[in-house]
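Notes follow the structure.
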Amino acid sequence: MQFRRLALSILVLALVAAGCGDDDSGSPGQTAAAPSGSTSGATTGNGDTPAPSAAGGFLMLGDERIDFDSARCFLEEQDAAAGGGSILATGQGFGTNAEGIDVAFDFTRFSEESMFAGDDINVTIGDPFAGETVNYTVSLDIGAVSIEGNRLSASGFALESFDTGTVVSVDSEFELNC
């Protein structure tokens, strides 16, 4: 389990670092954030419908809603760099929490043939390059995250602190609009 967490953390950092560059090539399968007027039909764990999502979507972490300023997805199959098998879909969202601290959200769906098979979610709060972060993670069954066109979403999952091993958010929810 510790190896899986380490490998997933390295993968998340690599994806975040790769996302920091400027890529105006418009690669197939990669889409820009939805227009700022986009809305969602997602519901919170208690059945309430959240307000329309920000351009890139949102994350409910405990009682806090974190809006994503931007999101990007790659929804085509690609070889996995580690663990065998392939990555079937991936998406990232970026925003700030109520304290103004950067939040990076990462979703990756690994194929059944992968050593990491499933839908993995990782949340990093803080600056990973300054070494001042809090990390949360969960590994779900393949298909737990809904992919409808360029909208990814899931609700009712528990995020565990990667750093302390304790559950920090029991009924988390997210939506990415790519």
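What the table below lists for this structure:
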quantity: Shape of region 125-165, Cα gyration tensor, a/c cut at 1.5; calculated: oblate
quantity: Derived scalar couplings ³J(HN,Hα) [region 73-80; Karplus, 6.51 cos²θ - 1.76 cosθ + 1.60; whole Hz; x for Gly, Pro]; calculated: 9, 10, 9, 10, 5, 8, 5, 7
quantity: Neighbour cut-off at most 15 other Cβ (10 Å), DSSP loop, GluC sites (Glu not before Pro), region 75-178; calculated: E76, E77, E99, E112, E113
quantity: Residues with amide H under 5 Å from that of G57, placed H, sequence gap 5 or more; calculated: F68, N177
quantity: Region 96-176 - Rg and Dmax from Cα coordinates, angstrom; calculated: 13.3, 40
quantity: Unit charges on C-beta of K, R, D, E only; dipole of region 104-155, Debye; calculated: 140
quantity: Selection of chymotrypsin sites (Phe, Trp or Tyr not before Pro), region 76-139, meeting DSSP coil and at most 14 other Cβ within 10 Å; calculated: F129
quantity: Volume per residue that the Cα convex hull of region 51-162 spans, once the total is divided by residue count, Å³; calculated: 115
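Rule-based calculations on the coordinates, nothing more; no lab input. Quantities reported herein were computed from a predicted structural model and do not represent experimental measurements. Using ideal geometry, Cβ is built from the backbone for each residue, glycine included, and neighbour counts are taken over all protein chains shown.
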